[in-house]
1. How charged is the neighbourhood of His74? Take every other residue with its Cβ under 14 Å from the Cβ of His74, and add Lys/Arg as +1 and Asp/Glu as -1.
2. If the chain between Asp84 and Glu54 were fully stretched, how many nm would it gain, using 0.36 nm times the residue separation less the Cα-Cα distance?
3. Local charge sum around Ile161 (other residues, Cβ-Cβ under 13 Å, Lys/Arg +1, Asp/Glu -1)?
4. What aspartates and glutamates sit close enough to Lys127 to cross-link, taking a C-alpha to C-alpha distance under 18 Å and skipping anything fewer than 8 places away on the same chain?
Amino acid sequence: MGKISQPFNFVLYIYHDILDWLIKMVNIKNAIPGRKFNIANFDNGNTWSALLHERMNAINNMSQMIDERDRTIHDQKCLIDERDRTIHDQKRLIDERDSTVLTQKNLIDERDLVSAQQNQLIEQNNKTIQQQIQNVTDLNSQVSSKEQKVDELQNQNIKLISLIDEKDLHIAQLSADLERANTILRNINSTPVIRHLLRMLNIK
C-alpha cells in the first residue's frame with residue numbers, strides 16, 4: 001500500500017492493487033473450462049501486474065524526483081530566507097549608518113553654528129580692540145602734544161628764569177651803583193663848600 005502522507009501515490013497503489021486482484025480473478029475465471037472473459041486475455045497472468053509494477057516504480061521514481069525537487073526548493077527557500085535575513089540585517093546596518101550620518105551631520109551643523117557665533121564674537125572683539133587701539137593712539141597723540149606744550153612751557157620758564165636772573169643781577173648792579181652814588185653824595189655833603197652849593201641848587 002502507498003503512504004497516507006503522499007495521497008497521489010496512495011491512490012495509485014490502491015488502483016494498482018485493485019487491478020492486480022481483478023486480473024488475477026479474471027485469470028482464475030479463464031482457467032475454468034468453457035468460461036472465458038475478454039477483460040485481459042494474457043498468456044501470463046503476471047504480465048499486466050508486472051507492467052503496472054514497472055509503471056508504479058517509474059511513478060515512485062518520479063515521486064522521489066519530485067521529493068528531491070521539493071527538498072531542493074526547500075533548500076533554495078532556506079537560502080532565500082537566509083539571504084532575506086542578510087538583506088534585512090544589511091538594511092538595518094544601513095539604517096543605523098544613515099542615522100549615525102544624520103547625527104554626525106547635525107553635530108557638524110551645530111559646530112558650524114557655534115563656530116559662526118564665535119567668529120562673530122571674535123569680529124566684534126576685534127572691532128572693539130581696534131577702537132581701543134585708535135583711542136589709545138589718539139590719547140598718545142594728545143599726550144605727545146601736551147608733552148610738547150609742556151616742553152615749550154619749560155623752555156619759556158627757563159628763559160623767564162634766565163631773564164629774572166639777569167634782571168636781579170641788573171638790579172643788584174643798580175643797587176650797588178646807587179649805594180656808591182649815595183656814598184659819594186654823603187661824602188660831598190660832608191664838604192661845606194659843596195654842601196652850601198647844593199643848597200643853593202636846592203639839591204639835598
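Where a number appears in this text, it was derived from the coordinates with a stated rule and is not lab data. Note that the coordinates shown come from a computational prediction; the quantities given were computed from them, not determined experimentally. Neighbour counts are summed over all protein chains in view; Cβ atoms, including those assigned to glycine, are modelled from backbone coordinates with ideal geometry.
1. On the way: positive: Arg69, Arg71, Lys77; negative: Asp67, Glu68, Asp70, Asp75, Asp81, Glu82.
Value of the local net charge: -3.
2. On the way: separation 30, 0.36 × 30 = 10.80 nm, distance 4.34 nm.
Working it through step by step, the gained length comes to 6.5 nm.
3. Counting the neighbours of Ile161, the net charge comes to -1.
4. Cα-Cα hits under 18 Å: Asp138.
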